[in-house]
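Worksheet: the structure to be examined is printed underneath.
Where a number appears in this text, it was derived from the coordinates with a stated rule and is not lab data. Quantities reported herein were computed from a predicted structural model and do not represent experimental measurements. Counting neighbours? That spans all protein chains shown, and the Cβs are built from the backbone with ideal geometry, glycine included.
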Amino acid sequence: MRNPQLAWYVAGPLLGLCVIAVRLLFNARLGVTGGYSEIVDRVRHRSLVFDWRAWLLIGVLIGGTIFALAAGGPDFHGYGWLTRDVGDVWVAPILVVSGVLIGYGAKLAGGCTSGNGLSGTSLLSPASLAATATFFATAIAVNFITKALF
Amino acid sequence: MRPRLAGLGVGIVFGVVLSWSGMTAPDVIRSALLFEDSYLFLFFASAVATASIGLLLLRRAGRVAWTPARIERRHVTGSLIFGLGWGVSNACPGPIMTQIGQGIVWGVPLLAGVLSGVYLFVRRGEETEPASDPAPLRRDRAVAGAA
């Protein structure tokens, strides 16, 4: 079954309300990378007592599961251009390396698409605006390059 | 317990919206970044606009406050590194979690990578988050501001 895509003018404001809720609840930015960071840091110190950032991340996972149960699972097979245009055996290693770049880069930049992109940009933070412009430009360039090469 | 429950609740809404908007699918992200589809940009812009208007109104009411961060080199270099990974995988930290939640096995190597990348950084013991509000105003200061 092909999942219906929620209209952007509903989905976008809902995401914006999540950002506002986190500011009101915790006086903080909504940043998904913060959840990964919290889990890695706690486990590193042999603890499983996580703060709200980790629980938000767990919530995102549960949200994915709830959607899959309600809408009938993902509407795609394989993994985009990687499984279409690159040899199957390379996909998992490429995804691991991509993940390392995503995790390390987001920590260095102090946020990912949610922390800098959504939350920081909506605060008109110069650092987040620079970060957001940079990662959008980079990802756009990478997609055009990979499209030309493969 | 309550802050964790509240975080979990916001996360669930966030995860359902990310899934419902198709962000879990790498092809949705790729078609946007190749300018073949405008959904991602409209979605993103309307999210930022909603959050921005809401936060500015709340700030005027004295309910919230923040100090915008100045640009440092790491914001650009970090985002360059992040953008490379995002551009190749067409997945970012939120959608990677919804992939796992939806039972997409490709999310597993991505998750392993993200956790390793975060570990490589946090073992240095530096804290970089949050970039945009390094001196958050606490509730008592917000109350003082309103008085």
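How would chain A be classified by its alpha-carbon gyration tensor: rounded, prolate or oblate, with rounded meaning a/c under 1.5 and the a/b versus b/c comparison settling the rest?
Details: a/c = 1.35, a/b = 1.28, b/c = 1.05.
Rounded.
Ratio of Rg to Rh for the protein assembly as shown, alpha carbon only, Kirkwood?
0.95
Find out how many positive minus negative residues lie around B:L40, taking Lys and Arg as positive, Asp and Glu as negative, among other residues whose Cβ is under 13 Å from that of B:L40.
-2
Find out how many positive minus negative residues lie around B:A91, taking Lys and Arg as positive, Asp and Glu as negative, among other residues whose Cβ is under 14 Å from that of B:A91.
Result for the neighbourhood of B:A91: 0.
Hydropathy first: keep DSSP H helices in chain A averaging at least -1.0 on Kyte-Doolittle, then drop any whose Cα extent along the axis falls short of 30 Å, and list what survives.
The qualifying helices are A:88-109, A:126-149.
Helix-derived [θ] at 222 nm for chain B: sum -39500 (n - 2.57) over DSSP H runs of at least 4, divide by residue count, nearest 500?
On the way: 7 runs with 99 residues, N = 147.
Using -39500 (n - 2.57) per qualifying helix, the result is -22000 deg cm²/dmol.
Based solely on its DSSP helices, what 222 nm [θ] is calculated for chain A when runs of n ≥ 4 H residues each add -39,500 (n - 2.57) and the sum is averaged over all residues, nearest 500 deg cm²/dmol?
Details: 6 runs with 104 residues, N = 150.
Roughly -23500 deg cm²/dmol at 222 nm, from the helical runs in chain A.
So how do A:S98, B:S38, A:S125 line up by other beta-carbon neighbours within 10 Å, fewest first?
Exposure proxy ranking, most exposed first: B:S38, A:S98, A:S125.
Return the average number of partner chain Cβ atoms within 10 angstrom of each residue Cβ along peptide A:65-73.
5
Could you order the peptides A:19-31, B:100-112, A:79-91 from most to least packed, using the average number of other C-beta atoms within 10 Å per residue?
So the order, starting with the most tightly packed, is A:19-31, B:100-112, A:79-91.
How many partner chain Cβ atoms sit within 10 Å of a residue's Cβ in peptide A:49-57, on average, as a whole number?
Mean number of neighbouring Cβ atoms from other chains: 6.
Which helices, taking whole DSSP H runs in chain B, have alpha carbons extending 18 angstrom or more along the helix axis plus mean Kyte-Doolittle at least -0.5?
Details: long enough: B:2-20 (27 Å, 1.23); B:39-60 (31 Å, 1.55); B:73-89 (24 Å, 0.37); B:107-122 (22 Å, 1.98).
Both cut-offs are met by B:2-20, B:39-60, B:73-89, B:107-122.
What average number of partner chain Cβ atoms lie no more than 10 Å from the Cβ of the residues making up B:29-42?
Other-chain Cβ atoms within 10 Å of each residue's Cβ, averaged: 4.
Net charge near B:G11, counting Lys/Arg +1 and Asp/Glu -1 over other residues with Cβ under 11 Å of its Cβ?
+2
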